[in-house]
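Derivation of every value follows stated rules applied to the coordinates shown; laboratory data play no part. In this text the structure is predicted, and so the values were computed from the model without any measurement. Don't worry about glycine lacking a Cβ; one is built from the backbone with ideal geometry, like all the others, and counts go over all protein chains shown.
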């Protein structure tokens with residue numbers, strides 16, 4: 001999904017041109033008036049896999065895209081925060097859940113939507129959680145209870161599949177990969 005072109009410089013308002021700047025190898029939106037190069041980079045989605053005993057916490061989305069489908073608590077990272085801070089914030093915003101953040105568990109590139117998804121393992125500290133503004137409901141699910149047919153995103157499904165496989169094996173490790181466009 002290519003981004004629409006940028007038209008005007010955010011620094012000085014002049015018209016932008018698309019060209020390869022000196023020392024670069026890719027076309028960029030360049031302002032010939034002030035010299036600013038406008039880089040466009042993937043968005044980072046951060047989230048957690050909050051676990052309680054043999055269950056994981058899922059959120060049913062109250063917003064588009066994928067309204068009414070289940071996902072792990074996650075969302076776009078904000079400027080000025082670390083990936084860990086973003087994951088903690090999203091878990092609190094979407095599920096009101098108090099967690100202890102663990103290690104990075106999955107790192108999935110999603111180039112067709114210009115995103116990178118990063119999920120941390122997490123331990124629920126208590127059962128005091130509730131749906132936030134972007135969530136219709138939250139719930140704990142054992143592996144056999146996961147509503148696989150109504151999981152919102154392939155990154156969520158992939159992360160959950162790796163999580164349950166690693167848990168069965170008794171060894172959690174980092175899972176990196178790509179989610180390519182559906183055929």
- Query: Using a Förster distance of 35 Å, how high is the FRET efficiency between residue 93 and residue 38, based on the Cβ-Cβ distance and rounded to 0.05?
  - Reply: 0.75
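Pulled fully out, how much extra length does the chain show between residue 62 and residue 126, if you take 0.36 nm times their separation in residues and subtract their Cα-Cα distance?
Result: 20.7 nm gained on full extension.
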- Query: Relative contact order for segment 1-40 using alpha-carbon pairs under 8 Å, separation at least 6, rounded to a whole percent?
  - Reply: 31
- Item | Tilt relative to the chain, helix 154-169 - C-alpha long axis, 0 to 90 degrees, to 10 | 40
- Taking a crude spin-label model, label points 7 Å out from Cα along the C-beta direction, the residue 53 to residue 82 distance in nm is 3.2
- Which whole-angstrom value gives the distance between the alpha carbon centres of segment 124-153 and segment 20-58? 27
- Taking the Cα atoms only, what angle lies between the long axis of helix 83-95 and the longest principal axis of the chain, rounded to 10 degrees? 60
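Normalised by the number of residues in segment 1-107, what is the relative contact order in percent for Cα pairs under 8 Å and 6+ residues apart?
The normalised contact order for segment 1-107 reaches 17 percent.
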- Task: Quick one: compute the contact order of the chain, relative version, from alpha carbon pairs under 8 angstrom and 6+ residues apart, as a percent.
- Result: 22
- By per-residue mean of other Cβ atoms within 10 Å, what is the highest-first order of 96-107, 9-20? 96-107, 9-20
- Between residue 7 and residue 137, Cβ-based FRET efficiency (R0 41 Å, step 0.05) works out to 0.45
- Task: May I ask you to order 135-146, 156-167 by the average number of other C-beta atoms within 10 Å around their residues, highest value first?
- Result: 156-167, 135-146
- Once residue 172 and residue 20 are pulled to full extension, the length gained, defined as 0.36 nm per residue separation minus their Cα-Cα distance, is 50.4 nm
